[in-house]
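The values are calculated or read from the model by the stated rules, or taken from the named source; none is laboratory data. Quick caveat, the model's predicted, so the values are computed rather than measured. Cβ atoms come from the backbone with ideal geometry, glycine included; neighbour counts cover every protein chain shown. Side chains are part of the model used for accessible areas, which takes the heavy atoms of the whole protein and leaves out ligands, DNA and RNA. Shrake-Rupley method; radii C 1.70, N 1.55, O 1.52, S 1.80 Å.
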Amino acid sequence: MSASDTKAGWLAVAGLGPGDAQLVTSQAEAAIAEATDVVGYGPYVRRIAPRAGLRRHESDNREEIERARHALTLAAEGRRVVVVSSGDPGVFAMASAVFEAVEHGDPRWRELDIRVLPGITAMLAAAARAGAPLGHDFCAINLSDNLKPWTLIERRLRLAVEADFAIALYNPRSVARPEGFARALDQLHAVCAPGRILIFARAVSTPDEDIRVVPLAQARPEMADMRTVVLVGSSATRIIARQGTPFIYTPRAVLA
């Protein structure tokens, strides 16, 4: 690898949004149009239309660091590489993996032109569909224990509820770990009133979209899967009843 190769190539980490092609930013579209290589988890790579001069590199969902190293190697060879994620690449996605690979990998990777291109992440798309449930202080917690212990997830969830944040719960329930979301609901039942508002937003912005608003007392583990983001309101979150899906919002003012 020569110095000129390093300077010629670049790597962009791009968010493809929650599903609807109209929610992909023009910045991400421009990078993909210039790319010689697209790297990512198979279903995301397949969202990019094939064209002459573009190589598409698919990999398994749990191969993030290997995927990042592959992309960096291609960029160092002078390729124009886009690593694709759903939503926003900096939210439980590939941007962190790329920089982890840079920190622990070939020192020359630090000199590459690396750009992170933001996207619309699931919690923002879901919140927009419901109204404004994240209108005041909120946090996001990934319920997958693939990369961290459940005890840490449990502690963070408990502290978030105690601080009265609205909470976005990512990756709530999968076939491999169906019990995680049930345990999260148990914890919410222990510290929240039964009327606490939950929004189950599945496949937002796709033809399979389904939005359900229920009080905590009616929430069930099977209402969520890996295509669902669950928004948990704070104690101040309000519901405006109307025909169809109600409006949900969290006031910006906090009364003393």
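Results, tabulated for the structure shown:
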item: Failed item, numbered, when Met226 is tested on (1) within 18 Å of the chain's Cα centre (by Cα); (2) crowded, with 19+ Cβ neighbours inside 10 Å; result: (2)
item: Number of positions in the range 128-164 that are farther than 25 Å from Ala97 by Cα, of a type in the set (A, V, I, L, M) and assigned to a strand (DSSP E or B); result: 1
item: Residues (modelled with pLDDT of 95 or more and either open to solvent by less than 30 Å² (accessible area, probe 1.4 Å) or not β-branched (Val, Ile, Thr) (or both)) located in the range 236-251; result: Ala236, Thr237, Arg238, Phe247, Ile248, Tyr249, Thr250, Pro251
item: Residue count, the range 165-182 (criterion: outside any loop (DSSP other than H, G, I, E, B), crowded, with 16+ Cβ neighbours inside 10 Å and not aliphatic (A, V, I, L, M)); result: 3
item: Enumeration of residues in the range 164-183 that are aliphatic (A, V, I, L, M) and modelled with pLDDT of 95 or more; result: Ala166, Ile167, Ala168, Leu169
item: Residue pairs meeting the criteria (Cβ under 9 Å; at least 6 apart or on separate chains; first free of Cβ contacts under 8 Å to residues at least 24 places away in the same chain, in the range 66-78; second hydroxyl-bearing (Ser, Thr, Tyr) and not in a helix (DSSP H, G or I)); result: Glu66/Ser59
item: Members of the range 151-163 that are open to solvent by less than 60 Å² (accessible area, probe 1.4 Å) and either touching a residue at least 60 places away in the same chain (Cβ under 8 Å) or in contact with a helix residue (DSSP H, G or I) (Cβ under 7 Å, 6 or more places away or on another chain) (or both); result: Leu157, Val161
item: Residue selected from the range 80-117 under the condition among the aromatic types (Phe, Trp, Tyr) and farther than 14 Å from Asn142 by Cβ, by the criterion most open to solvent (accessible area, probe 1.4 Å); result: Phe99
item: Per-region count, the range 189-199, residues farther than 15 Å from Met223 by Cα and either among the charged types (D, E, K, R) or outside any helix (DSSP H, G or I) (or both); result: 5
item: Residue in the range 188-223 that is farthest from Leu16 (Cα to Cα), counting only those that are of a type in the set (S, T, N, Q) and surrounded by fewer than 16 Cβ atoms within 10 Å (Cβ to Cβ); result: Gln218
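Results for (1) out of contact with any strand residue (DSSP E or B) (no Cβ under 7 Å at 6 or more places or on another chain); (2) assigned to a loop (DSSP other than H, G, I, E, B); (3) of a type in the set (Ser, Thr, Tyr); (4) without any contact (Cβ under 8 Å) to a residue 24 or more places away in the chain, shown as yes or no for each residue.
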site: Gln187; (1), (2), (3), (4): yes, no, no, no
site: Ala201; (1), (2), (3), (4): no, no, no, no
site: Pro207; (1), (2), (3), (4): yes, yes, no, yes
site: Val213; (1), (2), (3), (4): no, no, no, no
site: Leu231; (1), (2), (3), (4): no, no, no, no
site: Ser235; (1), (2), (3), (4): yes, yes, yes, no
